[in-house]
Structures are given as structure tokens and as C-alpha cells.
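Colleague: So that we are looking at the same thing, I have put the structure below in C-alpha cells.
The values are calculated or read from the model by the stated rules, or taken from the named source; none is laboratory data. All figures in this text were calculated on a predicted structure; none of them were measured in a lab. All Cβ positions, even for glycine, are placed from backbone atoms using ideal geometry, and neighbour counts span all protein chains on display.
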Amino acid sequence: MTTGRTAVDVTRRDAILRAALECFLIKSVASTTIDDVRLRSGASIGSIYHHFGSKEGLAAELYLETLGDYHDAFLAALHTSRSARAGIEGTVGHHLRWVAANPDRARYLFHCREPEVIASSDAAAQQLNVRFYTEAANWLREHIERGRIKALPPRLCQALWMGPTLEFARQWLAGAGRRTELREAESPLGKTAWDALKAG
């Protein structure tokens, strides 16, 4: 049985995505040309169009793939946690470690929502977000019902849970927080999130 995609196709596709990420961060999506991506990736123009259809399709695919990978890793950390506190603090730490390990992808995911990307990815991004927030809300609901987490609306819980961490990471990516290592923020931000959400 074949998946319809060879190892060469996957390698070439990944090289194009890596090159596009570099170009988009340097020049922005709007200012990047397909030829810029061709030169940086070593792929042909035909190969880029074959895999992604257009520059906008390439930008959207990069965004959606990054978003999906982030969601999958976050939810895996959440679902393997052994307690409400471990889930809250563990996912805060996971987010910071993911940003530290993937600063360029994080910068694109959180800062590069240009009109071209939004127009080409919005519907699919909404589907990914619905899945992500539904699973997170279900996890929260279980712990709320067991009296471990405050009975607050899911989106309010999520804001208290990840809001300070997202803001700290955003500033770090922008260069404002580089004097503080992300790993140094794990414990205080994790504790802050748990203190805000724990019942009783």
C-alpha cells in the first residue's frame, strides 16, 4: 500500500517549508517571492507549485502544520499528566520549552498572521482550534467536576492558565525578555497558573 508520497517528496516538501520560514521571517510573507524560496530551498519553481499551489498556499501550509504540531504536543503533555496540578504546570513548562526549541516556528505562529496567511488558512485553522479548545475544555471539566479546579468558564480558565505564559514568551521572542531564560520562568509561571485555577 502506498501513501502517494515518496521519501524524496517529503524531503523536498520539508526543505521548501524550512526555506519559506526563513524567507518569511526575514522579508515577511508579502515581500517574499516564490523565487526567493526557490533559491533558498534548491527546489524548482514547478516543485514549489506542485506541493503548495501558490505562495499563499505555502504560507498557509506552514502556519497550519506548525499550529497542528504545537497543538498535538501540548495535548499530549496534558493527557499524560497525573494530576490537575501536573497538567496545568506541565503544559506551562511545555509551552516555554517548545518556544525555546522552535523559536523561528514560534515567531511565525504567534507573530506572522499576515492577511495572505489568514485568507488562505482561516477555515482550516478554525477547525484545528475547535479540536484543541474542545479537548482542553474537556480536561478542565473533568477536574472541575472533581473539585480540583475552580468552576469557571473554559475560556476564562484558559486565559488564567496560559495568558501570562503566552505574554512572557511573546516578549521573549520579540527580544524584550532575552535576559531571562525561558527555563527560569517555568516554575514561577507554572505556580502562578496553578494558584489562579486550583479549587479551594
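Colleague: Have a look at Arg38, Arg85, Arg97, Arg18 and point out the one that is closer than 19 Å to Phe168 by Cβ, basic (Lys, Arg) and touching a helix residue (DSSP H, G or I) at 6+ places or on another chain (Cβ under 9 Å).
Modeller: Every option except Arg97 fails the conditions.
Colleague: Here is a further query. Applying the selection to region 145-158, what residues are without any contact (Cβ under 8 Å) to a residue 40 or more places away in the chain and either assigned to a helix (DSSP H, G or I) or of a type in the set (Ser, Thr, Tyr) (or both)?
Modeller: Across region 145-158, the qualifying residues are Glu145, Pro154, Arg155, Leu156, Gln158.
Colleague: Which numbered condition in (1) assigned to a helix (DSSP H, G or I); (2) more than 14 Å from the chain's Cα centre (by Cα); (3) closer than 30 Å to Ile26 by Cα is the only one that Gly175 fails?
Modeller: (1)
Colleague: Also, I was wondering about something else. Among residues belonging to region 14-53 that are touching a residue at least 24 places away in the same chain (Cβ under 8 Å) and at positive phi, point out the one that is farthest from the chain's Cα centre (by Cα).
Modeller: Filtering first and then ranking leaves Gly42.
Colleague: If Glu56 passes every condition in (1) of a type in the set (D, E, K, R); (2) over 27 Å from Ala123 (Cβ atoms); (3) surrounded by fewer than 19 Cβ atoms within 10 Å (Cβ to Cβ) but one, which one does it miss?
Modeller: So Glu56 meets the others, but not (2).
Colleague: For the structure I just gave you, tell me whether Thr66 is within 23 Å of Leu182 (Cα to Cα), surrounded by 14 or more Cβ atoms within 10 Å (Cβ to Cβ) and among the β-branched types (Val, Ile, Thr).
Modeller: yes
Colleague: Just checking, which of Trp98, Trp172, Trp139 is among the aromatic types (Phe, Trp, Tyr), buried (at least 18 other Cβ atoms within 10 Å of the Cβ) and without any contact (Cβ under 8 Å) to a residue 40 or more places away in the chain?
Modeller: When all the criteria are applied, what remains is Trp98.
Colleague: Tell me which helices (runs of 4 or more DSSP H) are completely within region 13-82 and hold 1 or more residues being basic (Lys, Arg), or say none if there are none.
Modeller: 34-41, 55-79
Colleague: Okay, moving on. Phe132 - would you say it is surrounded by 14 or more Cβ atoms within 10 Å (Cβ to Cβ), under 21 Å from Ala19 (Cβ atoms) and in the same structural domain as Gln171 (by TED's automatic domain parsing)?
Modeller: no
Colleague: In addition: Which numbered condition trips up Ala84, out of (1) surrounded by 15 or more Cβ atoms within 10 Å (Cβ to Cβ); (2) in contact with a Lys or Arg (Cβ under 8 Å, 6 or more places away or on another chain); (3) over 30 Å from Pro188 (Cβ atoms); (4) among the hydrophobic types (A, V, I, L, M, F, W, C)?
Modeller: (3)
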